[in-house]
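Have a look at the structure below before the remarks.
Nothing in this text is a laboratory measurement; each read-out follows from the coordinates by a stated rule. Keep in mind the model is a prediction, meaning the values are calculated, not measured. All Cβ positions, even for glycine, are placed from backbone atoms using ideal geometry, and neighbour counts span all protein chains on display.
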Amino acid sequence: MSLSRVIKLFLVLAILTLSLLILRCSLLDLDGESTIDPYENISLKEAEQMVIKQVLHDDLDEKIIYELREKMKSGTAILTAAGNGYKVENNSWFFFVDECMDSVYPHSCLYVFVECMGGERLVIDDTVYPDQLLYNLEAYHLICSAQ
């Protein structure tokens with residue numbers, strides 16, 4: 001192998017290594033944790049559709065669905081305004097469904113967790129809103145029934 005070929009090969013490998021390093025850095029958040037997990041396959045949009053279709057069966061009358069836009073990491077606890085706690089066992093998307101949007105609490109509501117890996121759903125019936133998360137949730141869906 002000639003010296004010029006060795007230099008070209010070295011430059012190609014150096015550029016490839018640098019590209020991979022830049023790509024790896026772009027996948028890290030500020031804490032140094034990866035923001036992309038190749039083993040988690042359920043997107044937030046897919047989880048939204050699961051809640052609407054499989055949990056609520058397209059019955060959106062008088063309901064507001066709130067979602068946490070960032071996935072909840074395994075071990076995260078959700079506290080309700082009544083002080084009950086629900087612990088997430090696996091990385092999950094979280095949804096809060098207010099089933100009687102014009103009523104004051106306590107009234108029927110749902111805590112829905114959709115696992116990021118596989119989409120398994122945990123649905124918890126409750127009567128109060130999530131205490132520490134309510135102000136971090138974004139309204140996702142609001143449909144009123146015609147009266």
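Annotation: amide H of Asn90 within the under-5 Å range of Gly75, sequence separation 5 or more or interchain, hydrogens built in the peptide plane. Amide H contacts of Ala81: Tyr129, Asp131, each under 5 Å away and 5 or more positions distant or on a separate chain (H built 1.01 Å from N in the peptide plane; Pro and chain starts excluded). A cut-off under 13 angstrom between Cβ atoms defines the neighbours of Ser103, and their net charge, with Lys, Arg +1 and Asp, Glu -1, is -3.
How would the stretch 39-117 be classified by its alpha-carbon gyration tensor: rounded, prolate or oblate, with rounded meaning a/c under 1.5 and the a/b versus b/c comparison settling the rest? All intermediate terms of the calculation are to be shown ahead of the outcome.
Numbers: a/c = 2.72, a/b = 1.25, b/c = 2.18.
Judged from the Cα gyration tensor, the stretch 39-117 comes out oblate (a/c at least 1.5, b/c at or above a/b).
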